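The values are calculated or read from the model by the stated rules, or taken from the named source; none is laboratory data. Quick caveat, the model's predicted, so the values are computed rather than measured. Ideal geometry is used to build each Cβ from the backbone, glycine not excepted, and the neighbour counts take in all protein chains shown. These area figures cover heavy atoms from the full protein model, side chains too; ligands, DNA and RNA do not enter into them. Shrake-Rupley method; radii C 1.70, N 1.55, O 1.52, S 1.80 Å.
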Amino acid sequence: MRLTVVGAGYVGLTTAVCFAHLGHEVKVVEKLPHKVELLKEGKVPFYEPGLEELLLESLRKGRIDFTTQLSEGVEFSEVIFICVGTPQNPDGSADLSQVEEVARETAKLMNSYKLLVEKSTVPVNTHKLIKRTVERYLRKRGKSVEFDTASNPEFLREGSAIKDFLYPDRIVIGVESEKARKILWELYKDFNCPIIFTDPATSELIKHASNSFLAMKISYINMVADLCEKVGADIKLVAEGMGYDKRIGKDFLRAGIGWGGSCFPKDIKAFIKMAEDHGVDFSLLKEVDKINSRRAYQFVEKVKNAIWSLRGKTLAIWGLSFKPNTDDIREAPSLRIIPLLLKEGALLKLYDPKAMDNFKKVYPPSKDLDYAQDMYSAVKGTSALLILTEWEEFEKADLSKVRELMELPIIIDGRNIYNPEEVRRLGFEYYGVGVP
Ligand code: NAD
C-alpha cells in the first residue's frame, strides 16, 4: 500500500520504517527541514535501537521518502497517519494544536478520498474535532470530498519501538465506516496478534486508560516499597509473589524512583483533565501522579540519610534517560533529582550511555556538574554512586573496579539493579528501594 505518515518522531518514524520494512511505500512529512535532511541521508535524529538499520534498508529499497511538504504527502496516499506531538497544556490537558494543524492543512489540500488515522495519543472524541475541521475547510473550498477519520493508537515503548511495532500485544482500530475498516484491516491483517475493531471514541479511550493503568501499577508498587522499607520486607520478592498471579502480572511492578518520559506524565494528566471535563473526578489517578512526584524528594532524602551533609561532596550519577535504551530525557526522574542534589551543594559527575548530549542542552557543564567519558571515570574519587536508569551496562559493571575508584564505596540504587547481598559482599554500603 501507499501510506503517508505525518511527523517523524519516535512514533512516526518507527511507523514509517516498519511499514516500509513490511513492503509498503511510505512518504513521511516532517515539518523540521533539518530532520528531513538527516533522514534522507539515513540518519535517525534520536537513539532508538535498530531504527537506523531499518531506515537504511527502506531507503535502499526505495520504499521511503521524506518531505517537509504536506501537499506531497496528501497527494501520495489515501491513508494519512497523524503522528505529531500532543504535549501538555499548563492546565494538564493535551495540546492538540499540532493535530489540528494537520487536519486543517490536509483539508485545504485534499481532492480525493482520504483516511485520516490518529496514531498520536489524543483525548476521547478528538476524531470528532478532526472531522468537524475537515468538513469546515472542505465546505469553504466548495469541495465535496469523501473522507474518514480513524483512531489507531500506538503502544510502542521507546527502547524497544521496532519490536513493539512489529510484534504488538494487540492492535486497536476505531472506525466509523466500512471503507475505513477495510483499508486498515488490509494493512494490519497479517500481524500476528488480536486486532480489536471499535468505534473511534472507545479506541481513543483504550490508549489513555492503558497508559494510566500502567502508571498506576508503578505508583502502587512504589508505595508498597515504602512500606517494605519501614518493616524490613523485600519489595523484589513481594512483587515476584504478586506477579505470579495472572490477574496481576509480572510487568510494571519494579519499584524505583518513579516513571517519566514523554508519555505517562502528560497522558495521565490529560486523562484526569478529560475525565474532569466530563464531570468525572478521577481522584485515584491524581494520587498516582502525586505519589510519582514525591519519588524524587524521597530519593534525595535517602541520599542525604546515607551520606549526611551533601555540601561539597562529589557524587557519581549513572543514568540520565527516563529509561534504558533511549536518549530521551523528557520528564526523566534525573531532571527532578539533579536540581535537588545541586541545591544541597553536591558536586555531580554524570554518565549515561546515550543521553548525555540531550542532558547537556539542559545542564551544560559547570563548576558543580560535569560529564564523564565512561561509567568508571564517573565514579573516580566520589563519595557515592547514584543509579537513576537501569541500563544493562550498569548491571554488568565491574563493581570491584568501581569500589577501588571511589573515595567511599556507597551505592544508592534508585532502580534496584543490584542484588544487595552480593554488592555488600564486595564491600559496598548499599541502599536500594524497598529492599532490606
Ligand atoms: P515527537 O515529538 O518525537 O515527534 C513528533 C514530530 O512531529 C516532530 O518531529 C515534529 O517536528 C513533527 N510535527 C509536528 N507538527 C507537524 C506538522 N504539522 N507536520 C509535520 N510534522 C510535524 O513525538 P513522539 O514521541 O513521536 O509522539 C507522537 C505522538 O505519539 C504523541 O501523541 C505521543 O503521546 C504518542 N506516543 C508516543 C510514544 C513514545 O514512546 N514516544 C508511544 C506511544 C504514543
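Some observations on this one:
- For the set D368, D251, solvent exposure ranked by accessible area (probe 1.4 Å, protein chains only) runs largest to smallest as D251, D368.
- Segment D357-Y244, length gained on full extension (0.36 nm per residue, minus Cα span): 36.7 nm
- Take the Kirkwood radius over Cα pairs of the chain, plug it into Stokes-Einstein at 4 °C and 1.567 mPa s, and you get 55 µm²/s for translational diffusion.
- 3J(HN,Hα) from dihedral phi, the range 48-58, Karplus parametrisation 6.51/-1.76/1.60, rounded to Hz, x for glycine, proline: 8, x, x, 5, 5, 4, 5, 5, 4, 4, 5
- Solvent-accessible surface (1.4 Å probe) assigned to L369 amounts to roughly 0 Å².
- Label sites at L237 and D368, each approximated as a point 7 angstrom past Cα along Cα to Cβ, lie 4.1 nm apart.
- Semi-axes of the equivalent ellipsoid for the range 270-331, Cα gyration tensor, largest first, Å: 34, 17, 7
- Estimated at the nearest 10 Å², the accessible area of Y418 is 10 Å² with a 1.4 Å probe.
- Sparse packing (at most 12 other Cβ atoms within 10 Å of the Cβ) combined with a DSSP loop state is found for the following GluC sites (Glu not before Pro) in the range 1-85: E41.
- The alpha carbon convex hull volume per residue for the range 1-72 rounds to 70 Å³.
- Helix-only CD estimate at 222 nm, as mean residue ellipticity for the chain, using -39500 (n - 2.57) per DSSP H run (n ≥ 4): -14000 deg cm²/dmol
- Its Cα centre serving as origin, the range 94-225 has a Cβ charge dipole (Lys and Arg +1, Asp and Glu -1) of approximately 460 debye.
- Under a model in which nothing but the beta-carbon of Lys, Arg (+1) and Asp, Glu (-1) is charged, the chain shows a dipole of about 660 debye around its Cα centre.
- Along each principal axis, taking the top coordinate minus the bottom one, the Cα set of the range 310-393 gives 32, 23, 18 Å in descending order.
- Among the GluC sites (Glu not before Pro) in the range 366-436, those located in a DSSP loop and surrounded by at most 15 other Cβ atoms within 10 Å of their own Cβ are E407.
- Full extension of the chain segment joining L408 with A209 gains 67.1 nm, where the gain is 0.36 nm per residue of separation less the Cα-Cα distance.
- Cα point-scatterer Debye curve for the range 159-307, base-10 log of I(q)/I(0) at q = 0.12, 0.17, 0.21 Å⁻¹: -0.67, -1.12, -1.34
- Taking the convex hull of Cα positions in the range 91-231, its mean projected area over all directions (nm²): 11.3 nm²
- Label-to-label distance for E393 and E344 is 2.5 nm, based on points extended 7 Å past Cα in the beta-carbon direction.
- The length gained by stretching the chain between Y376 and T68 to full extension, at 0.36 nm per residue less their Cα-Cα distance, is 106.6 nm.
- Relative contact order for the range 287-431: 24 percent, from Cα pairs under 8 Å spaced at least 6 residues apart, divided by residue count.
- Positive-end residue of G260, Y220, G232, charge dipole of the range 201-273 with Cβ unit charges: G260
- Surface accessible to a 1.4 Å probe, per residue, for the residues of the chain, Å²: 45 Å²
- Along the axis of the charge dipole computed for the chain (Cβ charges of +1 for Lys and Arg, -1 for Asp and Glu, origin at the Cα centre), the listed residues T106, T4, L342 are led at the positive end by T106.
- Share of carbon and sulfur in the accessible heavy-atom surface of the chain [1.4 Å probe, %]: 52 percent
- C-alpha long axis of helix 264-277 to longest principal axis of the chain, angle in °: 60 degrees
- Taken about its Cα centre, the range 287-431 carries a charge dipole of roughly 500 debye when the Cβ of each Lys and Arg holds +1 and the Cβ of each Asp and Glu holds -1.
- Of every Cα-Cα pair in the range 2-207, the percent that sits beyond 27 Å: 25 percent
- For the range 58-138, the C-alpha radius of gyration divided by 2.2 N^0.38 Å, with N the number of residues, is 1.19.
- In the chain, excluding the sites themselves, the longest stretch lacking any of the trypsin sites (Lys or Arg not before Pro) that are in a DSSP loop with at most 11 other Cβ atoms within 10 Å is 1-188.
- Cα-based Kirkwood hydrodynamic radius, the range 192-263, one decimal, Å: 14.1 Å
- Cα→Cβ-extended label distance, 7 Å offset, between Y188 and E53, nm: 2.7 nm
- Rounded D (µm²/s) - the range 287-431, Kirkwood Rh over Cα pairs, Stokes-Einstein at 10 °C, 1.306 mPa s: 105 µm²/s
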